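J.: The following block contains the structure, expressed as structure tokens.
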Amino acid sequence: MEVQALRLHFSQLIKAWEKSKHNTYFDKGKDHYQETLKYLIKAISDENFTLFNSAQIEERRRIINFIFKSLGILDSSTTNQFPFEIIHCLQHALDEWVDPSNEKFVIVTSLINSYDDFYSFDGNLALDDVAYNIIQKVYNLTFEYRLIQINLPKFLARDYFSNIVLYHELGHFIDFKYQITAPFAIEIQDKYNNKKYNASDLVEFQKFFPYEFWKREYLDVLTSHLREYFSDLFAAQYIGKYSENLLNYVSGGPLAAHAISGTHPSTKNRGDLVKDFLKNNSSTFINDLKVAINLTSGKELKVRYSSEIKNSNLIKLLPIEIKTGDELSSVFVAAWELYDTYTNQIEKQNNFKYPLISSKVYEIINNLVEKSIGNYIVTSNWEKSKNVLS
Amino acid sequence: MLHSATSSKPTFSTFQLFVYQILNGNNVYKNSVDNIISEAYSLSKGDKNMYTVNRSYFALIYHLSTRFTEFLNTIDIQNIKNEEYQYLYDKMQNESELIMH
């Protein structure tokens, strides 16, 4: 029966693969990944399932699930569906945190039909070392690239106002990869219980963790809240306060600002922490977190967007000129600054006789952001190819 | 997720699968298992700390170092015996049953 169930599972995979194997992508990472899947599927198909014991069947079950999951997200990352401008920006941020010459990760998106599900990160494919371990040991196959799955609503695939929260989702990946907040939560409990915090530290920690955070039974809650705080700060490095502005709205506005759940801190506290970080306010919590980040990843938590990038071009209906990859996320900040405080600057600058309707303002700025990033991608690819040719 | 849950797959059950394979005479995962036990040993002894142990298996290593301290103190980390893998497997099996129920 077990063997027959495995045969059924593999037959289902073959059916899915028949469709997915023709996928085309615009980057070599995904092509390479798909090619490795092809070898893996071939290796499984060459095996005699009747010879397997229970443990070997379990290995194959996990590998087939891994392939199914890979296909599921590769299918929605094909050339014609992929929001490559925003992913290019995220990939640049990722490369700042994970050296691509050591480890190769490719960001893939899964487009979700629902609006309510909003954005999420799924690290199973990128960080599930055991799956890669099994594949390597059993089939001697190594995936040169790993996929980072980020889920976003299909309706917002090309929306550059909402998509800035993908920096928050990337933060979750960085946290899970380096295991930053899990040990930090334990450290906070240890420090509290060993009376290492002074009176003002205690006030600060009690504000951000308004429960008995020092007790073992609250470790999971504390860790979950730290994950969100870390990802908020990670995003703030690139997009300033704007992720938190959006969060305030989607989580229910001022009426829900103090609501806290087992997984998420209150939006009020999240916003306050981001403000403290951006204003460089004195904070033992942020300073200790910075140390934990540095110890685990060797990287520095710091403001990474440039205030030199202004929105004057957008007002003139021109794309922003981006000179380096480090300036990419600054375009989102500039666009949000304009939109957030919009007082008909575009109409005034361009001598329009009538005010633009709100949806038109959104469309114009959103398109200009896409164009700004698109221009940078074309220019930088041209520069790279020139270097190769010369 | 910005305002909902985020997923991260636990590695505990796979670790058990690896130990199970060793007990069945298949040593293909022995190095991986021994490395994880060795990291847990280093953490429990204080030779490494929470920020310096292997990041990929942090949760598992921390769990072993805190829940299996006595076991780690009794084994020879360079030469783990079959009955010790069996002990570890049984204890983890009991723990996962407790979690399931």
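J.: Could you say which residue among A:119, A:145 is touching a residue at least 40 places away in the same chain (Cβ under 8 Å), more than 13 Å from chain B (Cβ to nearest Cβ) and of a type outside the set (A, V, I, L, M, F, W, C)? Please lay out each step first, then the result.
T.: Numbers: A:119 fails: more than 13 Å from chain B (Cβ to nearest Cβ).
Result: A:145 is the single residue among A:119, A:145 that is touching a residue at least 40 places away in the same chain (Cβ under 8 Å), more than 13 Å from chain B (Cβ to nearest Cβ) and of a type outside the set (A, V, I, L, M, F, W, C).
J.: Within segment A:302-339, work out how many residues are in a loop (DSSP other than H, G, I, E, B) and not polar (S, T, N, Q). Lay out the reasoning, then the answer.
T.: Looking only at segment A:302-339, we keep the residues that are in a loop (DSSP other than H, G, I, E, B), and these are A:302-311, A:316-324.
Next cut, not polar (S, T, N, Q) only: A:302-305, A:308-310, A:316-323.
Counting residues in segment A:302-339 that are in a loop (DSSP other than H, G, I, E, B) and not polar (S, T, N, Q) gives 15.
J.: Of everything in segment A:172-192, what is more than 10 Å from chain B (Cβ to nearest Cβ) and more than 23 Å from residue A:203 (Cα to Cα)? Give them in sequence order.
T.: Scanning segment A:172-192 gives a single hit, A:174.
J.: Kindly indicate which of A:164, A:148 is crowded, with 23+ Cβ neighbours inside 10 Å, over 24 Å from residue B:53 (Cα atoms), in contact with a Phe, Trp or Tyr (Cβ under 8 Å, 6 or more places away or on another chain) and of a type in the set (A, V, I, L, M).
T.: A:164
J.: Please state which one of A:148, A:174, A:134, A:180 is touching a Ser or Thr at 6+ places or on another chain (Cβ under 9 Å), of a type in the set (Val, Ile, Thr) and modelled with pLDDT under 95.
T.: A:134
J.: Residue B:64 is checked against (1) within 10 Å of chain A (Cβ to nearest Cβ); (2) within 11 Å of the chain's Cα centre (by Cα); (3) surrounded by 18 or more Cβ atoms within 10 Å (Cβ to Cβ) and fails just one. What number does that condition carry?
T.: Single failed check for residue B:64: (1).
J.: Here's a check for you: in segment A:95-116, which residue that is of a type in the set (A, V, I, L, M) and within 14 Å of chain B (Cβ to nearest Cβ) is nearest to residue B:15 (Cα to Cα)?
T.: If we take residues in segment A:95-116 being of a type in the set (A, V, I, L, M) and within 14 Å of chain B (Cβ to nearest Cβ), then A:98 is nearest to residue B:15 (Cα to Cα).
J.: Same structure again: Determine whether residue B:47 is farther than 30 Å from residue A:223 by Cα and not in a helix (DSSP H, G or I).
T.: No, not satisfied.
J.: From the list A:42, A:28, pick out the single residue that is away from chain B (no Cβ under 14 Å), surrounded by fewer than 18 Cβ atoms within 10 Å (Cβ to Cβ) and farther than 20 Å from residue A:104 by Cα.
T.: A:42
J.: While we're looking at this one, here's another question. Of the residues A:246, A:219, A:278, A:295, which single one is surrounded by fewer than 22 Cβ atoms within 10 Å (Cβ to Cβ), within 9 Å of chain B (Cβ to nearest Cβ), out of contact with any strand residue (DSSP E or B) (no Cβ under 9 Å at 6 or more places or on another chain) and at pLDDT 95 or above?
T.: Checking each option against the conditions leaves just A:295.
J.: How many of the residues making up segment A:249-275 are surrounded by 15 or more Cβ atoms within 10 Å (Cβ to Cβ), within 12 Å of another protein chain (Cβ to nearest Cβ) and not small (Gly, Ala, Ser)?
T.: The qualifying residues number 7.
J.: Moving to a separate point now. Just checking, does segment A:77-88 include any residue being among the acidic types (Asp, Glu) and either in contact with a Phe, Trp or Tyr (Cβ under 8 Å, 6 or more places away or on another chain) or at pLDDT 90 or above (or both)?
T.: Looking for residues that are among the acidic types (Asp, Glu) and either in contact with a Phe, Trp or Tyr (Cβ under 8 Å, 6 or more places away or on another chain) or at pLDDT 90 or above (or both), one finds at least one in segment A:77-88, hence yes.
The values are calculated or read from the model by the stated rules, or taken from the named source; none is laboratory data. From a predicted model like this one, the values you see are computed outputs, not experimental measurements. Every residue, glycine among them, receives a Cβ derived from its backbone with ideal geometry; neighbour counts consider all protein chains shown.
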